Every structure is written in C-alpha cells, then in structure tokens.
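The values are calculated or read from the model by the stated rules, or taken from the named source; none is laboratory data. Being a predicted model, the structure only gives us computed values, none of them experimental. Cβ atoms come from the backbone with ideal geometry, glycine included; neighbour counts cover every protein chain shown. These accessible areas exclude ligands, DNA and RNA; they are computed on the full protein's heavy atoms, side chains included. Shrake-Rupley method; radii C 1.70, N 1.55, O 1.52, S 1.80 Å.
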Amino acid sequence: MDVAVQRPIIVTASVKDKSIRVWNYLTGHCEYCKVILEEKDHNNEKEMEILAVAIHPNGYYIAISDVEMIRFFHLCYKELRYYNNDQIGNEPNKANCTMMKFSNGGHLLAAVSERHVHLIRSYSRETIKTIYTPHSSEIISLYFHPNDNFLYTAGYDGVIVQYNLFDF
C-alpha cells in the first residue's frame, strides 16, 4: 500500500486476488481495480505475482514489483498503461523486490530485494546504486528524509541505518 501526496489516492496490491486497486481516500470509493496479466508467450497469459507496489508522489505513476522485475505504469483515468517495455534497471538482482518507496520529489525509487537496496531514477529507470545493507535480518521499512538527502532503512534486527544519497 502507498499514498500519493499530490492527489487523494491510495494504491493497494492484493496477493489473494492478484489485483491492483486505486482508492480515493476522500470519498472512500475504489476508483480502479485491475488484475495485471503478464505475457509468457503469444498463446498464454498468466497473472503476475505482485510483491510490492509504490505510487509516485504526483499520483500518475505506479511501480509494481513481481518475482521477475519492477514494472512501471502510467495511471490514467480508469486505466493502467504499461510503459516499461525495455529491461532498463531490471537486472536479475532486482527480482523479488518486497518493498518499494518513491522519494518525496519523485525522482528516485528505492527498492528492497533481500538485504539490498536498489536506487533507481524513476523517469529513466536507470539504476544509480545498489547498496548492500548491514542489516542481519529482513528490512521492514524505508523512509526518505523530507529533502531527499538521506534514505533510512529499518530491519527486524532493530537497526536503523541512514544513507547519505550524495556520497553513499
């Protein structure tokens, strides 16, 4: 689940029915519901196994992680449009990202895969840095400082780590 800052919407991902839902938190209504299909070959389609979802602060872009890669979508009126048709920023080490968060300015996307944090430019989908964290267990929270100078991670081990995004 993630909240857009500039629009009154929340995006949720359901593991049970494999759907993405966009909710208007002012009215309490679901504005959009979609089961995302991924094409395996020309004859068969199968549902994505959604692991994490993040919405851009402006509310018009959504990043969805599955077991293979991170996919980017435009959130148009009553429609999700897939716009990442290439493999930029989707090396094999970014599979199984279980948590994602856009920076406050929206220019960065942090994605957690096991104990790695991948920093991706959200508009070009270029990987800036992959950080191996010192956590001894799973990362449970990501937080960007309000001015986007720092990224914080918290783990089940009780450790909170601060990363300077200018010199890492």
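Keeping every protein chain in place, order 153, 27 by accessible area at 1.4 Å, biggest value first, i.e. largest first.
Details: 153 0, 27 80 Å².
Output order, biggest surface exposure first: 27, 153.
Count charges around residue 81 for me, please; just the other residues with Cβ under 13 Å from its Cβ, Lys/Arg as +1, Asp/Glu as -1.
Local net charge: +2.
As a test question: what accessible area, to the nearest 10 Å², does residue 67 have when a 1.4 Å probe is rolled over all protein chains in place?
60 Å²
Once you list every other residue whose beta carbon is under 12 Å from the beta carbon of residue 139, what net charge do they have if Lys and Arg are +1 and Asp and Glu are -1?
Around residue 139, the charge tally is -1.
Roughly speaking, what is the centre-to-centre gap between segment 104-168 and segment 1-25 when only Cα atoms are used, to the nearest Å?
22 Å
Say the dipole of the chain comes from +1 at the beta carbon of Lys and Arg and -1 at that of Asp and Glu; which of 58, 82, 164 then lies farthest toward its positive end?
Farthest towards the positive end: 58.
In nm, to one decimal, how far is the residue 34 label point from the residue 152 one, both placed 7 Å along Cα→Cβ?
3.4 nm
Rounded to the nearest 10 Å², what accessible area does residue 81 have for a 1.4 Å probe in the complete protein model?
About 120 Å², ignoring ligands and nucleic acids.
What is the sum of charges around residue 117, taking Lys and Arg as +1, Asp and Glu as -1, for the other residues whose C-beta is under 11 Å from the C-beta of residue 117?
Overall, the nearby charge balance is +3.
Amide H to amide H, which residues 5 or more places from residue 36 or on other chains are under 5 Å from it, using H placed in the peptide plane?
The answer is 20, 48.
Using the Cα centre of the chain as the reference point, and only Cβ charges (+1 on K/R, -1 on D/E), how large is the resulting charge dipole? Debye, rounded to the nearest 20. Before the final figure, lay out each step's value.
On the way: 16 positive and 20 negative charges, 81 e Å.
Dipole of the chain, to the nearest 20 debye: 380 debye.
Which order do 17, 167, 66 take when ranked by solvent-accessible area (1.4 Å probe, heavy atoms of all protein chains), largest first?
In descending accessible area the options line up as 167, 17, 66.
Taking only protein heavy atoms into account and a 1.4 Å probe, give the accessible area per residue of segment 68-168 in Å².
Per residue, segment 68-168 has 52 Å² of solvent-accessible surface.
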